[in-house]
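First, the structure itself, so that you have it in front of you.
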Amino acid sequence: MMKSNWYVLYTTPRAEKKVKDRLDDMGVETYLPLHRRPRVWSDRVKMVDVPLFTSYLFVHCREPELYPLLRIYGVVRIVYYCGRPAVVRQKEIDAIGLFLEAAAEHPLCEGEEVEILTGAMKHISGKIQKIKKKYLILYIEQLGSKVCVNISGVARVNRIK
């Protein structure tokens, strides 16, 4: 009897959650790592769960059970490595989960740089000087002054060093 492994499916753009739901309904074990991030609309900012890996979904099954999944609406292809379906080890799936847990628990810190997402100061970044319950005091270097902004209206600035 063949053992089950984790495999990777490539989906159509922004269809990861729907494909996951379809596979779950069929009884296929899936893993779609999601993280929360702010999405900005013209009138509001909302925290939404987005896939960590765009257009990718992990499935746990035996290799012969993998090929019929190509018929599921939204599945484009199986990800291959060296001519065979790519196998992801359980410890790598667990590491992704641990990473997401650690990232979710990491709160904003004083001294961290954030970008303002809404309002008159949209797209301006500043350093956190003080953290209140619902508001942050930011120092805006370009203006040489401090401003008070709602925590939900800012996002971390990802700096590559």
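Would segment 29-39 turn up any residue that is open to solvent by 80 Å² or more (accessible area, probe 1.4 Å), touching a residue at least 12 places away in the same chain (Cβ under 8 Å) and closer than 26 Å to Val114 by Cβ? Give the steps one after another, and end with the answer.
So the first thing to find is which residues in segment 29-39 are open to solvent by 80 Å² or more (accessible area, probe 1.4 Å), and the list is 29, 36-37, 39.
Applying the additional criterion that residues be touching a residue at least 12 places away in the same chain (Cβ under 8 Å) yields 29, 36-37.
With the extra rule that they be closer than 26 Å to Val114 by Cβ, the set shrinks to 36-37.
Scanning segment 29-39, I find at least one residue that is open to solvent by 80 Å² or more (accessible area, probe 1.4 Å), touching a residue at least 12 places away in the same chain (Cβ under 8 Å) and closer than 26 Å to Val114 by Cβ, so the answer is yes.
Run Tyr80 past the list (1) free of Cβ contacts under 8 Å to residues at least 24 places away in the same chain; (2) closer than 23 Å to Leu34 by Cβ; (3) surrounded by 10 or more Cβ atoms within 10 Å (Cβ to Cβ); (4) of a type outside the set (Asp, Glu) and report the number of the one that doesn't hold.
Failed condition: (2).
Consider Phe53 against the criteria (1) in contact with a helix residue (DSSP H, G or I) (Cβ under 9 Å, 6 or more places away or on another chain); (2) more than 24 Å from Ala102 (Cα to Cα); (3) not β-branched (Val, Ile, Thr): it satisfies all of them except one. Which criterion is unmet?
For Phe53, the exception is condition (2).
Ok, one more. Answer yes or no: is there a residue in segment 50-72 that is more than 29 Å from Asn150 (Cα to Cα), aliphatic (A, V, I, L, M) and open to solvent by 20 Å² or more (accessible area, probe 1.4 Å).
Yes: segment 50-72 contains one or more residues that are more than 29 Å from Asn150 (Cα to Cα), aliphatic (A, V, I, L, M) and open to solvent by 20 Å² or more (accessible area, probe 1.4 Å).
So the check is Cβ under 7 Å with 6+ separation or different chains; which pairs have a first residue in segment 116-137 that's at negative phi and open to solvent by less than 70 Å² (accessible area, probe 1.4 Å) and a second one that's among the aromatic types (Phe, Trp, Tyr) and assigned to a strand (DSSP E or B)?
Pairs found: Gly126/Tyr139.
State whether the residues of segment 95-106 include one that is part of a loop (DSSP other than H, G, I, E, B), surrounded by fewer than 11 Cβ atoms within 10 Å (Cβ to Cβ) and not small (Gly, Ala, Ser).
yes
Does Glu141 satisfy being open to solvent by 90 Å² or more (accessible area, probe 1.4 Å), more than 23 Å from the chain's Cα centre (by Cα) and either over 19 Å from Lys17 (Cβ atoms) or in contact (Cβ under 8 Å) with a residue 60 or more places away in the chain (or both)?
Details: open to solvent by 90 Å² or more (accessible area, probe 1.4 Å): yes; more than 23 Å from the chain's Cα centre (by Cα): yes; either over 19 Å from Lys17 (Cβ atoms) or in contact (Cβ under 8 Å) with a residue 60 or more places away in the chain (or both): yes.
The answer is yes for Glu141.
Are there any strands (runs of 3 or more DSSP E) wholly within segment 1-85 with 2 or more residues that are among the charged types (D, E, K, R), and if so which? Lay out the reasoning, then the answer.
Working: elements: 5-11, 29-31, 34-40, 45-51, 56-61, 75-78.
Filter on segment 1-85 gives 34-40, 45-51.
Let me ask something else. Would you be able to say whether some residue in segment 12-19 is without any contact (Cβ under 8 Å) to a residue 60 or more places away in the chain, of a type outside the set (D, E, K, R) and open to solvent by 30 Å² or more (accessible area, probe 1.4 Å)?
Taking every residue of segment 12-19 in turn, at least one turns out to be without any contact (Cβ under 8 Å) to a residue 60 or more places away in the chain, of a type outside the set (D, E, K, R) and open to solvent by 30 Å² or more (accessible area, probe 1.4 Å).
Any idea which of (1) at pLDDT below 85; (2) assigned to a strand (DSSP E or B) is the one Ile128 doesn't satisfy?
It is condition (1) that Ile128 fails.
Now for a different question. Working carefully through the options Ala86, Ala155, find the one that is open to solvent by less than 50 Å² (accessible area, probe 1.4 Å), touching a residue at least 24 places away in the same chain (Cβ under 8 Å) and touching a Pro at 6+ places or on another chain (Cβ under 6 Å).
Only one candidate qualifies: Ala155.
The values are calculated or read from the model by the stated rules, or taken from the named source; none is laboratory data. Nothing here was measured: the structure is a model prediction, and the numbers come from that model. A quick note on method: Cβ atoms are made from the backbone with ideal geometry, for glycine too, and the neighbour counts reach across all protein chains shown. SASA here: full protein model, heavy atoms, side chains in, ligands and nucleic acids out. Shrake-Rupley method; radii C 1.70, N 1.55, O 1.52, S 1.80 Å.
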